[in-house]
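The values are calculated or read from the model by the stated rules, or taken from the named source; none is laboratory data. The shown structure was predicted, so the numbers you read here are calculated from the model rather than taken from an experiment. FYI the Cβ positions are ideal-geometry reconstructions off the backbone, even for glycines, and counts take in every protein chain you see. Side chains are part of the model used for accessible areas, which takes the heavy atoms of the whole protein and leaves out ligands, DNA and RNA. Shrake-Rupley method; radii C 1.70, N 1.55, O 1.52, S 1.80 Å.
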Amino acid sequence: MDTSSVLDASESTNFALHRGIASSNLMPLIIDEYKPKQIGTYKINSISNLLRNSYDSHKSIKGVSTLSKNREFISRASIILSGEAGIDETANIERSLRAVFAAKTLDSKTAESMEVLKINRKLLNKLGRSILKGALKLKEEDIKRLHQTISSNLVDKSFSNYRVRNSIANCILGMSLLKKVFE
């Protein structure tokens with residue numbers, strides 16, 4: 001398993017967060033072990049700012065010690081935040097697609113399937129590689145067209161917030177790519 005894009009929330013620095021988000025738009029930045037009660041206000045604010053600013057496509061600038069040239073980070077990657085609790089800031093909730101997996105809510109069949117996947121990482125690696133190959137074959141125009149079709153036909157117009165509608169459309173787009181892999 002490639003762990004190069006995984007950061008521990010308690011150990012992450014502003015530089016590591018910004019470098020991770022700017023490194024690629026192909027692999028998501030995974031922030032693991034997000035435990036607000038343990039990591040402190042400074043790290044919570046850093047992660048919260050990163051989530052908000054990446055959605056709004058704001059770039060961040062870090063100065064260098066020589067003061068001669070600043071380093072610019074442009075948010076490219078999606079962010080996956082994993083831990084015991086989620087962000088509770090309204091601005092980030094509106095910009096996020098949240099999936100909550102709690103062991104206490106799993107039925108026995110789902111729990112059994114999760115155990116099979118945990119034991120056999122090769123299945124997940126093959127799935128990830130297949131999705132990647134499928135994504136690389138798509139043209140940007142086709143993706144935009146598919147996203148527009150999904151937004152127009154499948155996302156309920158009763159969601160008044162554009163960000164929520166867009167997050168749902170992105171999720172459906174991802175599921176359609178997954179479906180193509182299985183087909």
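When 91, 85 are screened for being closer than 28 Å to residue 36 by Cβ and touching a Pro at 6+ places or on another chain (Cβ under 8 Å), only 85 passes.
Exactly one residue out of 121, 163 is of a type in the set (D, E, K, R), in contact (Cβ under 8 Å) with a residue 12 or more places away in the chain and in contact with an Asp or Glu (Cβ under 8 Å, 6 or more places away or on another chain): that is 163. For the stretch 16-77, the strands (runs of 3 or more DSSP E) that sit wholly inside it and include 3 or more residues that are of a type outside the set (Phe, Trp, Tyr) and under 13 Å from the mean Cα position of the chain (by Cα) are 29-34. Checking each residue in the stretch 124-159 for being exposed (fewer than 12 other Cβ atoms within 10 Å of the Cβ) and part of a helix (DSSP H, G or I) picks out 129, 133, 136, 137, 140, 141, 142, 144, 145, 148, 152, 153.
Just one of the numbered conditions (1) among the polar types (S, T, N, Q); (2) modelled with pLDDT of 85 or more; (3) buried (at least 19 other Cβ atoms within 10 Å of the Cβ) is not true of residue 48: (3). For the stretch 62-94, filtered to residues that are in contact (Cβ under 8 Å) with a residue 40 or more places away in the chain and among the β-branched types (Val, Ile, Thr), the residue that is surrounded by the most Cβ atoms within 10 Å (Cβ to Cβ) is 87. Of the set (1) open to solvent by 60 Å² or more (accessible area, probe 1.4 Å); (2) in contact (Cβ under 8 Å) with a residue 40 or more places away in the chain; (3) touching a helix residue (DSSP H, G or I) at 6+ places or on another chain (Cβ under 6 Å), all apply to residue 181 but (1).
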